[in-house]
Amino acid sequence: MQENLVIVESPAKAKTIEKFLGKDYMVKSSFGHIRDLAKKGLGINLDNEFEPIYEIPEDKRKVVDELSRLSRAAKTVWLASDEDREGEAIAWHLAKVLDLPIDRTKRIVFHEITQRAILSAIENPRTIDLNLVNAQQARRVLDRLVGFELSPVLWKKVRPALSAGRVQSVAVRLIVERERDIIAFKPQAQFRVVAQFYAAGDTNKTLFKASLSQGFATRDEAEQFLRGCVGEQFMVSKAEEKPLQRYAAPPFTTSTLQQEAGRRLGMSVSQTMSVAQRLYEQGLITYMRTDSVNLSDMAISQCKNEITRLFGAKYSYPHNFKTKSKGAQEAHEAIRPSYIERHEIDGTAAEKRLYDLIWKRTVASQMVPAELDRTQIVIDMSRRSEQFVAIGEVVRFDGFMRLYSESVDEDHETEGEGGILPKMAVGDRVEAASITASERYSVAPSRYNEAALVKRLEELGIGRPSTYAPTITTIINRGYVVKQNKDGQKRQTLHLTLVGDKISEKMATESYGKEKNRLAPTDIGMVVNDYLESQFSSIMDYHFTANVEKEFDRVADGEITWSDMIRDFYDPFHRLVDNAIGTQSDRSMQSVRELGIDPKTGLMVKARIGRYGPMVELESPDGGKGHFASLKKGQLIESITLEEALELFALPRNLGDKDGEDIMVGVGKFGPYVRHGKTFASLAKTDDPYTVTRERAIALLEESIAKQRAASEPIRTFAEDAAMVVKSGQYGPYIAYNGKNYRLPKGTKVENLTYTDCQRIVAKSKK
């Protein structure tokens, strides 16, 4: 009989833990949850206190059978799934499904996969925390109820095959609202004035920059101001120098890790969590789902030793951070390296980069604040009321900045402070070497990237750090949101410069509007959002969604029962659903936006969603079928202009005759294509159907013909039977035999196939 059976949820985690335990312990993985809500029907008994109806998925039956056999043979079963609510629920399901006796079952948790943590957990087992289990069940049940009841409403009132969710729909709302702010935004030009000064009497004429405290709306106003500066005397009215301290950021929580990895490493939220999971399972970092910024005394001590060794004792500043969020969810510590003394790891490039980020952030959090001198000089003019302001910032002691400084969102980047400013006193005169008024445009609100969206969701209290990655993935996969890149546009800006008593002007070109990996709503996303807001405003309310999260926390704390919480939500929610179904709908998906009249034909141009997505329509003069064109990626029905719509009607394009038939370029159900007779070829992602050349189109067609010929030519034949051939298809090699095709088993090497092998594959496929 096996002495001890340890069950974890991940094979990688099992492999790591196995190294720390002796031969008396067998470590096995459950491969996540071993059961879930039933897929058929609601999976919840509404008549019995919202009792979940669980089932074991088909792909988990072998795992359950093996764990059941091993648990019956073991003296003690140790449930060692993760320490959060999801992990607690996994342990509870295992105990229920495997029918584990209480006297032979122990629950252990650990924040890091190290030998000391594992052994300490075994010495201090506990029972399953049913409050945490119930909090997980409450979330699972509530989300199933919302999705199960809202989605059919969308099918009936909007369009089939749509879905809605408690958190995903609110996340889409954020993105839609930001898009409409961008659509409504009108850039305003303003002239910003910057002067280059030097201290009167400074023979070296060392320049420093100062900005005017106000801008000017028009060129005339800016030019008038510059002319008024001719002959002006400039005098210092304020010279202030203050010492500042800049403190290190706390160690990572799940959310701040997702944000910083996005900003600094360019990782998506899901990629960050996937890499962090691997680091945790290898025992390299502590548990990566946490709201806490606390560090253990041991970690603080290790940081102190490492900082002293690397930089000296003056850089060490041992302290702990206080977690602000009430429920610092199921967490004991922030995300940190398991071994502070380990600076580098073996692994993939992504694992190395993320580990390095976590290590630096953790160690820097225990370093002394940076010391800076901040100087502000205010300069008055003798005949005008406007003031120039110069700000300088100098680092006197780098402190934690020697190792790490937190990055900032692109949206919040500002022009950096100046460096060292000259020593000045009130009453000192300065001379203007030049004064420049530069045309600057106001900037539209930026679309969210993943890091910014996570930050906003956290600020609003919507979801939990562990749910952000699947939420973002879901809204992209559903087609409600796209992740897009946009090339910057160019525009001319005017610069007026006063030197002495003469004003010169110069035109400069600036780029604006460039985007990388930004989240934008699709037309379908906007339509679904509008419908849900109109019919389910309470569910779509940010405060409501945040309050639901607080209720989950109360369940986890044992303050309320999860069934009571669900009932308080479900009864009014179900009434809203019934009301929405009974409300007459004009099928919002068919709503049409009139763009204007085509100047060539005098006919109306409209934008709407058609069978295959968003499109524009040029009406027929006789009321029949109009001329249609699909919108380009990134275009929206709500913002497309008449001019942009008219450009879309350039498709299909005729690239001229070849061998008696026209070469046509168009956009179909499966994307842009080129057609010659009955031959079709898809355009590459880099090809633009509106500009693709005749030569490129012919090359694509010839490539398509070559592939078709290659597919029809056998790559293997057999003397035993001429009808048995192996061909190369779109999805890989296959057997063609007597008019039918047979897929080769995965991993089959064509060069090693024998006639007998082919017979066997064909016979097996026929069964």
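Here, each number is a calculation from the coordinates, and none is a lab measurement. Everything quoted here is computed from the prediction, not taken from an experiment. Virtual Cβ from ideal backbone geometry, glycine too; neighbours counted across all protein chains shown.
Points to keep in mind about this one:
- Checking the cross-link pairs 15/39; 15/62; 516/685; 205/423 against a 22 Å limit on the alpha carbon distance flags 15/39 as lying beyond it.
- Percentage of interatomic Cα-Cα distances in segment 4-128 larger than 25 Å: 24 percent
- For segment 653-711, alpha-carbon Rg relative to the globular expectation (2.2 N^0.38 Å, N residues): 1.04
- Checking every one of the GluC sites (Glu not before Pro) in segment 529-614 against DSSP loop status and a limit of 15 other Cβ atoms within 10 Å picks out 559.
- The loop-placed trypsin sites (Lys or Arg not before Pro) in segment 656-707, going by DSSP, that have at most 12 neighbouring Cβ atoms within 10 Å of their Cβ come out as 669, 678, 685.
- Qualifying chymotrypsin sites (Phe, Trp or Tyr not before Pro) in segment 713-766, DSSP loop, other Cβ atoms within 10 Å at most 11: 731
- Using every pair of separate Cα atoms, the Kirkwood estimate puts the hydrodynamic radius of segment 254-368 at 14.4 angstrom.
- Placing +1 on the Cβ of every Lys and Arg and -1 on the Cβ of every Asp and Glu, with nothing else charged, gives the chain a dipole about its Cα centre of roughly 1980 debye.
- Using only alpha-carbon positions in the chain, the gyration tensor eigenvalues give semi-axes of 52, 45, 29 Å once each is multiplied by 5 and square-rooted (largest first).
- Other residues within the sphere of radius under 12 Å centred on the Cβ of residue 267, judged by their own Cβ, net out at 0 (K and R +1, D and E -1).
- Principal axis dimensions, largest first and in whole angstrom, of segment 467-564 by Cα: 79, 32, 27
- For segment 653-711, the Cβ-based charge dipole about the Cα centre amounts to some 240 debye (Lys, Arg positive; Asp, Glu negative; other atoms uncharged).
- For segment 653-711, the residue among 698, 708, 655 whose Cα projects farthest onto the positive side of the dipole built from Cβ charges is 708.
- Positive-end residue of 408, 102, 154, charge dipole of the chain with Cβ unit charges: 102
- Across segment 653-711, C-alpha contacts under 8 Å between residues 6 or more apart give a mean separation that, scaled by the residue count, equals a relative contact order of 26 percent.
- Ranked list, fewest to most other Cβ atoms within 10 Å of each Cβ, for 515, 281, 3: 3, 515, 281
- Translational D in µm²/s for segment 713-766 (Stokes-Einstein at 20 °C, 1.002 mPa s, Kirkwood Rh from C-alpha pairs): 194 µm²/s
- Averaging the Cα positions of each part gives two centres, and for segment 9-48 and segment 92-167 these lie 11 Å apart.
- Only the Cβ atoms of Lys and Arg (+1) and of Asp and Glu (-1) were treated as charged; on that basis the dipole of segment 332-374 about its Cα centre amounts to roughly 120 debye.
- Taking all Cα pairs closer than 8 Å and separated by 6 or more residues, the relative contact order of the chain comes to 12 percent.
- Spread of Cα-to-Cα distances over 10 Å intervals beginning at zero, given as percent, for segment 592-648: 26, 60, 15, 0
- Farthest positive-ward along the chain dipole, Cα basis, beta-carbon charges - from 671, 438, 465: 671
- Given 157/486; 483/746; 486/606; 490/632, the pairs whose alpha carbons are separated by over 27 Å: 157/486; 483/746
- Set of lysines near residue 19 by C-alpha distance (under 24 Å), chain-local residues within fewer than 8 positions excluded: 28, 75, 106, 352
- Against the empirical 2.2 N^0.38 Å (N residues), segment 394-499 has a Cα radius of gyration ratio of 1.71.
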